[in-house]
Number of protein chains: 2
Amino acid sequence: MDKIAKPYVIGLDLGGTNSVFGIVDARGEIKGSTAIKTQAYPDVKDYVQAGVEAMQPIIDVAGGIDKIKGMGIGAPNGNYYTGTIENAANLLWKGSVPLARMFEDKLGVPVALTNDANAAAVGEMTYGVARGMKDFIMITLGTGVGSGIVVNGQLVYGSDGFAGELGHLTIDRTENARLCGCGRKGCLEAYCSATGVARTARELLEKSDRPSLLREINPKDLTSLDVSIAAGKGDEIAKEIYEYTGKLLGDACANFAIFSSPEAFVFFGGLTKAGDLLMKPLQRAYDENILSSFKGHAKLLISGLKGSEAAVLGASALGWEI
Amino acid sequence: MDKIAKPYVIGLDLGGTNSVFGIVDARGEIKGSTAIKTQAYPDVKDYVQAGVEAMQPIIDVAGGIDKIKGMGIGAPNGNYYTGTIENAANLLWKGSVPLARMFEDKLGVPVALTNDANAAAVGEMTYGVARGMKDFIMITLGTGVGSGIVVNGQLVYGSDGFAGELGHLTIDRTENARLCGCGRKGCLEAYCSATGVARTARELLEKSDRPSLLREINPKDLTSLDVSIAAGKGDEIAKEIYEYTGKLLGDACANFAIFSSPEAFVFFGGLTKAGDLLMKPLQRAYDENILSSFKGHAKLLISGLKGSEAAVLGASALGWEI
């Protein structure tokens, strides 16, 4: 009924650089989208004003605000319970920003907000490969490693709204463990994020003299994209980097499974473009390390949402749930 | 209303040796209890029959079966979804045993079943220190390390009913990691269970010639109880064993917190009798290893239920939820 009277939701993918708004229907089709520069608005009030103005044309095309059921926002350090962004390191707005309420006041529709990885999980459950699943874990492999955990069909927000930081599982307790951006040592994120993969590349290149296309790049400038391109050309060291990354991820996922015994893990982000180069060692390590009673149970899947649209779709999916 | 008309529930703590039945009121008082030997009944039908007969006198005292709202069972490898015990290594009954349905048929009241650690979590939420909490993690420190995870006020059973095996978090990935009973290496359980503590004792005693009361015991016969007694007498090595165990547990809990951001961890079992000897290093390691955004958030608590009654109370608490 509601999806007929109000057939659309708005999704906002709020990133450190760009903010992308989209109007989305119940099947996950983006009917219109627009964007503003996040950093252009040091005052969050101006940001909200600019966002609403930028959205107006696509809202009009959708038939006006009366056709919009709600809005969902995926933002760094987003807290679902309070609708606030809390001390996000890569945004200009400091402290606690009540962004959900601010958009609600301007638009007159209910607005929900959560972090990017949780939004991705809701998106996957609403429009993607996790449709119909009640227990799964979303792992986002980007600049960091994020996660969104679904248990009993509900996102796990925990007691404070910040649950699901699986990128900070300690996977190396030895002295040589890598330092993570969080200040702790040995976190999964320090190995399996884009920056972690670049670091693995530098380490592997240093260890030997074996030839590699990656040697053509200044080690300091190496990125995970370079590794992906080299692997695509059959570079052996690049393939080893994926082998190593996949193994660590698979082992970590085996450790996540003991928590919520999910039906699936869904991987999202640039690294997954490597396909089997990443997923085969990941699956192998998962199978080797999973507790025997869980063996063969969870599927390891790559996100079903188009990369460029996934973040907006994920955010928008929150809009149906309000 | 229901708690007036049917003021009691039955709890069954089904262990490898003993099966303890109790009739419990809404405040968590055990109004009557009885027990049978689990191993005396190779056929589960005889076991159910014997259990029902043993319970009859205490049911009569409670005013008859009409006063009973339901029954809860805590059992090894218990599956909440199916009400079955699945291939429990320490029981005579093999395969899948539909124990909930069997008691339901005999008693005519609804019966729920789950594993011991999950039952303990429900017990703590109903009668213990987790009353009113919606997000907490129960850690049981016994022969093994078990766990029951509560998210949004609900037990996490996962996609198959077997979620919450936190004792099998890999905490040591080095070559020297201890072998766990599950066949994998480096599990928390191999260090922080009663048997893990005894092993730590043997290792520490071997490493040096320092005097210790524990040297009076044949290393093969050393138990965690011996360590507890020696620590109570001020034995330095025994205290170090708790220091080591608490540190590993605190570090592991910091890793659990990133999953569900709980309001509290509740510890239960023999090891917790050591009190501060265990809890101080545990708290210290937790504070040192917790992700900064979660710092100071979760309380680390010892179970509020009396040890001898806790298992029956935990199981009985399931009876209110049916």
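The values are calculated or read from the model by the stated rules, or taken from the named source; none is laboratory data. The structure displayed is predicted, hence computed values, not measured ones. So basically every Cβ, Gly included, is an ideal-geometry build from the backbone, and we count neighbours across all protein chains shown.
Would you say residue B:252 is of a type in the set (A, V, I, L, M, F, W, C), part of a helix (DSSP H, G or I) and more than 25 Å from residue B:169 (Cα to Cα)? Before you say what the answer is, go through the steps one by one.
Details: of a type in the set (A, V, I, L, M, F, W, C): yes; part of a helix (DSSP H, G or I): yes; more than 25 Å from residue B:169 (Cα to Cα): no.
No, not satisfied.
Filter the range A:294-320 down to the residues that are in a helix (DSSP H, G or I) and within 14 Å of chain B (Cβ to nearest Cβ) and list them by number. Don't jump to the end; show me each part of the working.
Of the residues in the range A:294-320, the ones in a helix (DSSP H, G or I) are A:294, A:307-320.
Passing the criteria: only A:294.
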Residue count, the range B:258-273, condition assigned to a helix (DSSP H, G or I) and under 17 Å from the mean Cα position of the chain (by Cα), comes to 4
Residue pairs within 7 Å by beta carbon, gap of at least six or interchain, first lying in the range A:194-210 and not assigned by TED's automatic domain parsing to the domain that holds residue A:224, second at pLDDT below 95 and part of a helix (DSSP H, G or I), listed first then second, are none
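Tell me, yes or no, whether the range B:204-221 has at least one residue that is within 14 Å of chain A (Cβ to nearest Cβ), touching a helix residue (DSSP H, G or I) at 6+ places or on another chain (Cβ under 7 Å) and not aromatic (Phe, Trp, Tyr).
Within the range B:204-221, the first condition is being within 14 Å of chain A (Cβ to nearest Cβ), and the residues that meet it are none.
No.
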Checked pairs for the range B:102-128, first closer than 12 Å to residue B:266 by Cβ, second outside any helix (DSSP H, G or I) and of a type in the set (S, T, N, Q), C-beta under 7 Å and 6 or more apart or across chains, list as B:117/B:140; B:117/B:147; B:120/B:140; B:124/B:303; B:128/B:303
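Given the options A:85, A:171, A:149, name the one that is buried (at least 24 other Cβ atoms within 10 Å of the Cβ) and closer than 25 Å to residue A:264 by Cα. Talk me through it step by step, then tell me what you get.
On the way: A:85 fails: closer than 25 Å to residue A:264 by Cα; A:171 fails: buried (at least 24 other Cβ atoms within 10 Å of the Cβ).
One residue alone meets the criteria, A:149.
Does residue A:165 fit the bill of being of a type in the set (Asp, Glu) and closer than 21 Å to residue A:298 by Cβ? If you could, list the steps in order and put the result at the bottom.
On the way: of a type in the set (Asp, Glu): yes; closer than 21 Å to residue A:298 by Cβ: yes.
Yes: the conditions hold for residue A:165.
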Out of (1) assigned to a loop (DSSP other than H, G, I, E, B); (2) of a type in the set (Val, Ile, Thr); (3) touching a Phe, Trp or Tyr at 6+ places or on another chain (Cβ under 6 Å), the one residue B:82 does not meet is (3)
Counting only residues in the range A:294-316 that are surrounded by fewer than 17 Cβ atoms within 10 Å (Cβ to Cβ) and within 30 Å of residue A:55 (Cβ to Cβ), the one nearest to the chain's Cα centre (by Cα) is identified as A:307
By residue number, the members of the range A:174-189 that are surrounded by 22 or more Cβ atoms within 10 Å (Cβ to Cβ), hydrophobic (A, V, I, L, M, F, W, C) and within 23 Å of residue A:74 (Cα to Cα) are A:188
Taking the range A:131-186 and keeping residues within 8 Å of another protein chain (Cβ to nearest Cβ), in a strand (DSSP E or B) and over 27 Å from residue A:197 (Cβ atoms) leaves A:151, A:154
Among (1) assigned to a helix (DSSP H, G or I); (2) crowded, with 23+ Cβ neighbours inside 10 Å, residue A:239 falls short only on (2)
task = Might you check whether a residue that is more than 14 Å from chain A (Cβ to nearest Cβ), touching a Leu at 6+ places or on another chain (Cβ under 8 Å) and buried (at least 23 other Cβ atoms within 10 Å of the Cβ) occurs anywhere in the range B:253-269?
result = yes
Within the range A:187-212, residues farther than 10 Å from residue A:245 by Cβ, of a type in the set (Ser, Thr, Tyr) and assigned to a helix (DSSP H, G or I) come out as A:195
Those residues of the range A:280-293 that are more than 8 Å from chain B (Cβ to nearest Cβ) and either in a loop (DSSP other than H, G, I, E, B) or buried (at least 20 other Cβ atoms within 10 Å of the Cβ) (or both) come to a total of 5
Return a yes/no flag: does the range A:227-242 have any residue that is farther than 20 Å from residue A:124 by Cβ, of a type in the set (S, T, N, Q) and touching a Lys or Arg at 6+ places or on another chain (Cβ under 7 Å). yes
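For every residue, the table says whether it meets (1) in contact (Cβ under 8 Å) with a residue 40 or more places away in the chain; (2) part of a helix (DSSP H, G or I); (3) over 20 Å from the mean Cα position of the chain (by Cα); (4) in the same structural domain as residue A:115 (by TED's automatic domain parsing).
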| position | (1), (2), (3), (4) |
| --- | --- |
| A:13 | yes, no, no, yes |
| A:20 | yes, no, no, yes |
| A:28 | yes, no, no, yes |
| A:31 | no, no, yes, yes |
| A:35 | no, no, no, yes |
| A:46 | no, yes, yes, yes |
| A:51 | yes, yes, yes, yes |
| A:56 | no, yes, yes, yes |
